[in-house]
1. Taking +1 at the Cβ of each Lys and Arg and -1 at the Cβ of each Asp and Glu, which of B:LEU9, B:ILE93, B:MET55 sits farthest along the dipole of segment B:1-115 towards its positive end, judged by Cα position relative to the Cα centre?
2. Any idea what log10 I(q)/I(0) is at q = 0.24 Å⁻¹ for segment B:19-113, Debye with uniform C-alpha scatterers and no solvent?
3. Residue by residue, what Karplus-based ³J(HN,Hα) values in Hz, rounded to whole numbers, does segment A:108-114 have, using 6.51, -1.76 and 1.60 with θ = phi - 60° and x for Gly and Pro?
4. Taking the mean number of other Cβ atoms within 10 Å as a proxy for protection, how do you rank B:16-27, B:94-105 from highest to lowest?
5. Counting only protein chains, not ligands or nucleic acids, how are A:ASP149, A:ASP130, A:ASP174, B:ASP116 ordered by accessible area (probe 1.4 Å), most first?
6. Students often get this wrong, so check it: of B:LYS62/B:LYS115; B:LYS85/B:LYS115; B:LYS7/B:LYS39, which have C-alpha atoms separated by over 20 Å?
7. Taking beta carbons within 10 Å but only from partner chains, what does the mean come to for residues B:56-66?
8. Which whole-number percent gives the relative contact order of chain B, counting Cα pairs below 8 Å spaced six or more residues apart?
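The values are calculated or read from the model by the stated rules, or taken from the named source; none is laboratory data. All values reported here derive from a predicted model rather than from experimental measurement. Heads up, the Cβs are rebuilt from the backbone with ideal geometry, glycines too, and the neighbour counts pull from every protein chain shown. Remember, those area values only see protein heavy atoms, side chains included, never the ligands or the DNA or RNA. Shrake-Rupley method; radii C 1.70, N 1.55, O 1.52, S 1.80 Å.
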Amino acid sequence: MQSNREESLLHSCFGSLTSAFMGCCYSICHKETDPQENVVNERTHLLEVPEQQQETPSPTACASTPPRKSDEQTALNRILHETATNVIDVGALGPYSLEAGAYSERVRAYTARAASAALPPPAPPRLLADLPPAVRRQMLAAPPINSTDKELITNAVKKAASAISELRVEHHEDLVVPFRVP
Amino acid sequence: MVDDLRKFLNHLLEKVNGLHCILITDRDGVPVVRSVTEKAPQLALRPNFISTFGMATEQASKLGLGRNKTIISMYSSYQVIQMNKLPLVITFIGSDNCNTGHILSLESQIEPFLKDLGTIVADAP
């Protein structure tokens, strides 16, 4: 009896050990491919690593080097172009002169286009201009200025006028001074 | 009409004391409209001279101060003021004691015509 009990205990222990071991193996080997299971557990990646790098990086390295080289070349060309645009190099420009034939051809072309172009006539310069009748009527029909404003302006002008009229020169010494040259 | 514009430029020439000519050209110095007095130096009216501004303004815009708008060149007997209105270039040539500020103020009076004149030089051969 005792031996049967011990045997059954041993069996149950062994069974639980086996299932634990198998469970560990299963969880290590089996990949969680179910996208709907977003449960955070001890297997959840802390950093999001792209799947291409997780699987076999070495076989894909050789396949990606040609596109990387062309990207680098494009970037280098862009930097070169930007530097050439920004650098100041007056000496490299050299003397430039239009050929006589090209010059006369362009003069003819511009003259022909200018003659056919409908350029607006330049407005004659003037200080006062007539307003159109509608605007004129609107301005004349507008209400006059406030009486308080009018009084303020009148008083200010009167004060300024009286102040200017009180300006005078006070004679202190002779304006004409003889030079006493010995 | 271009003749009206030329008459307007002649009027501006009379307004500014000491101003000898007003030229509106393309980048290579080919004239589109010009108004010239007999006092203007003939060598300065040639495309070789006016076209130097195109290169100068392009390089001057790389100095880190923004786009170059105007270059004023003072000589012993003349002053040359050139304005960047690409594809057009406006060139004023005046005497050395001409009022430079007065010449610069003419820009606003010429500006309204530049848009239409720009279409003339837009498709240059």
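1. Farthest towards the positive end: B:MET55.
2. Evaluating at q = 0.24 Å⁻¹ gives log10 I(q)/I(0) of -1.40.
3. 4, 5, 5, 5, 5, 5, 5
4. B:16-27, B:94-105
5. A:ASP130, A:ASP174, A:ASP149, B:ASP116
6. Flagged as over cut-off: B:LYS62/B:LYS115.
7. 2
8. 26
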